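K.L.:
Next up is a structure, given as structure tokens.
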Amino acid sequence: MRADTHDIPTLKVLLVGNSNVGKTAIFERFVDDFYDPETTTATIGVDFRSKIVEVRDTKVKLNIWDTAGQERFRSLTSSYFRNALGALIVFDLSVYETFEQLPLWFRELRTYSSDQQVATVVVGAKLDKVGSRVVNRSEGMAMADKNGAGYIEVSAKTGVGVVEAFEMLIGRIMDTPALWKDGDVLARTDSVVAVDQVEEGTRYCGC
Amino acid sequence: MGARDKRRLPVQQEMQMLAAAAPLISRSSSSTPTPRSAFASYLVDTDDDWAAALEDTPRCQIDVDATAAEIGALTAQIGRADRFSRLLKAPTVDLQALRALAWSGVPPELRPVVWPVLLGHAPTETAKRTSTLAARRQEYYAGIAQALRGGCDSAVWHQIHIDVLRTHPTIALYQKETTKRALERILYLWAIRHPESGYVQGINDLATPFFQVFLSAYTNDADVQHFDPAGLPKGIIDVVEADTFWCLSSLLATLSDHYIHGQPGIQRQITSLRDLTRRIDTRLASHLEHQGVEFIQFSFRWMNCLLMREFNVRSTIRMWDTYLSEGSTGFSQFHLYVCAAFLVKWSKKLLQMDFQSILMFLQSLPTKSWTEKDIELLLSEAFMWQSLYADDKLMKCR
């Protein structure tokens, strides 16, 4: 399928979840290994970053879309769901309401991510907030299981679990036959535009 | 050691400054945060009339070793302030003339007076000004009291609260409790009065230039961004808060379908920006298209936050002098041309980039340190594109 062996598969993944659960903090910790709560503002629309990572001896390029959590942006952000291979669905371990909304996010993903399967990992964020946890681990895992997702708890502040969360997601993409075959992705696009642009393949390669 | 000698300006220059009405470079030694006199009667209701307040004697000092260029710049500044002053002192402010003058920038000292007039918050008739402003402020206080009576919509309040906490996280003023509480009330009242849109993230940013400008009238030349309004009398905070609310409301009224379901106003602007870019810089437009970059991916935020996320607040304030001078279409139309001018500015760089690099570059542009000069150049370029293409567009519509 790929003539050029140096061509790295590109995986479009998303960060979704309620407002202020810490999606951008996880995103920045992962991409830049950087955390500064003092400079975090609410994400407007969608932010984009790209990063090459190696999982199971395979290099992949992650195109990560960090979406705004507020309801009003939903019609915009959901347009980015199309052709996504995976999503981290983030909630705040210290705010129960953000956990209760997880089924809604699963539904959104299923509705808008076109007909292909999407690999998902439920991410409990702000693990470092000692004493304010209101969602326990087994509860979180049960919710993830029920929706066929992986589960991990992270702290963008300390960095704990952040890389693992993305690795888990990539692993789940690779384990999904509808998404991944013979070391390559079956569908890929970075864009919110039509799938037909994707077939040229080389368009998004490089740096 | 570092203190340089100061001397008074020659008499004739000082006379000019008297006429200029604004305490241009005065340094008050008073440590109590009383309102700066030129605006006291305007912003808080007193018996003095506005014109009399504008006669206030400015104090002006200049460095002994100031260069000819520095003195020249200062004189030009005074000349401008003088022209503003003359317009503002008229029984009825000539709005057209004020717009024409303010387009190229309003002296910081006069913004708290000029902006409300440009926005229609303060009437142009001097005689009506004090009573109108007093009535509108009362209306705001009553609105707040009513909105908060018997509990509030907790979902709306919660969203506003978490966003106010992360509004301009690097500026001290916005970390102060007094500021945060005021912004919460402003945004909450606006949200519940506009249920078809409600509070949308980004509107919090849009309130801040007003808050900062109106507050600056009372900071005694201290840097408003480092100011703690807690030290001010409550009556003054209330006035700043009420005026911010009304001016924000006026601005948002010109962007009526930006924040409703589906955000059609923003979608339309993004399409217009794409069309405009195709005409201004065909090469860039086709490069973006070829790379699979869609305008919505980078310019949604430009529209939703009026470029406030790309610039520092001071730059935004300078931009808004011009936007407000454009009348009711400043934020809806002229902004489009500013965005186009802004995008094509990076054309050379963008043409070398692929999809990923383009998006990452456009999402964190090197503009945080832009100066007033950079902003003014951008505004001039936008004006040029508007002159070239605005009529053209009309022709197409016919």
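The values are calculated or read from the model by the stated rules, or taken from the named source; none is laboratory data. The model shown is predicted, which means the values in this text are computed figures rather than measured ones. We place every Cβ from the backbone using ideal geometry, glycine too, and count neighbours over all the protein chains shown. Keep in mind that these areas ignore ligands, DNA and RNA; they rest on the heavy atoms of the full protein, side chains included. Shrake-Rupley method; radii C 1.70, N 1.55, O 1.52, S 1.80 Å.
K.L.:
For the interface of chains B and A, what total accessible area is buried with a 1.4 Å probe, rounded to the nearest 100 Å²? Intermediate values should be presented prior to the final figure.
P.N.:
Numbers: alone 18130 and 10270 Å², together 25490 Å².
The summed interface area works out to 2900 Å².
K.L.:
Continuing with the same structure: From Cα pairs below 8 angstrom and at least 6 apart in sequence, can you work out the relative contact order of the range A:5-196, rounded to a whole percent?
P.N.:
On the way: 375 pairs, mean separation 49.3, N = 192.
26 percent.
K.L.:
Counting partner chain Cβ atoms within 10 Å of every residue's Cβ in A:64-72, what's the average? Working shown, then result.
P.N.:
Working: counts 0, 2, 1, 0, 6, 3, 7, 6, 13.
Per residue, the number of nearby Cβ atoms from other chains is 4 on average.
K.L.:
Now for a different question. Which lysines does residue A:181 reach when only Cα atoms under 19 Å apart count, and residues fewer than 8 places away in its own chain are ignored?
P.N.:
A:12, A:59, A:61
K.L.:
Still on this structure, I have one more. For the range A:5-196, what does the accessible surface come to per residue with a 1.4 Å probe? Please give it in Å².
P.N.:
Details: 7630 Å² over 192 residues.
On a per-residue basis, 40 Å².
K.L.:
To continue, here is another question. Is the shape of chain A best called rounded, prolate or oblate, per the rule: a/c under 1.5 gives rounded, else a/b larger than b/c gives prolate, else oblate, with a ≥ b ≥ c the square roots of the Cα gyration tensor eigenvalues? Show your work: numbers first, answer last.
P.N.:
Details: a/c = 1.62, a/b = 1.56, b/c = 1.04.
Because a/c hits 1.5 or more and a/b exceeds b/c, chain A counts as prolate.
K.L.:
I've got another one for you. For B:243, A:175, give the ranking by accessible area with the largest first, probe 1.4 Å.
P.N.:
Most to least solvent-accessible, the answer reads A:175, B:243.
K.L.:
Could you tell me what percent of the accessible area of the range B:242-398 is made up of carbon and sulfur, with a 1.4 Å probe and every protein chain present?
P.N.:
On the way: 3330 of 6070 Å².
With neighbouring chains kept in place, the figure for the range B:242-398 is 55 percent.
K.L.:
Now, a different point. Estimate the FRET efficiency between residue A:75 and residue A:54 by the formula 1/(1 + (r/R0)^6), using the beta-carbon distance for r and 25 Å for R0, to the nearest 0.05.
P.N.:
Details: r = 36 Å, r/R0 = 1.44.
In this case the efficiency is close to 0.10.
K.L.:
Ignoring ligands and nucleic acids, what accessible area does residue B:163 show with a 1.4 Å probe (Å², nearest 10)?
P.N.:
Answer for residue B:163: close to 0 Å² accessible.
K.L.:
Could I ask something else about it? Highest mean first, how do A:89-98, B:72-81 rank when packing is the count of other Cβ atoms within 10 Å averaged over residues? Spell out each step's value before the answer.
P.N.:
On the way: A:89-98: 22.2, B:72-81: 15.8.
Listed from highest to lowest mean packing, they are A:89-98, B:72-81.
K.L.:
May I ask you to derive the FRET efficiency for residue A:107 and residue B:65 from their Cβ-Cβ distance with R0 = 51 Å, giving the value to the nearest 0.05? Walk me through the intermediate numbers first.
P.N.:
Working: r = 70 Å, r/R0 = 1.37.
In this case the efficiency is close to 0.15.
K.L.:
OK, next. Show which lysines lie in cross-link reach of residue B:176 when reach means a straight Cα distance below 27 angstrom and same-chain residues fewer than eight apart are skipped.
P.N.:
A:23, A:126, A:129, A:157, B:234, B:368
K.L.:
Also, quick follow-up: Cα centroid distance between the range B:98-130 and the range A:55-110, in Å?
P.N.:
About 46 Å separates the Cα centre of the range B:98-130 from the one of the range A:55-110.
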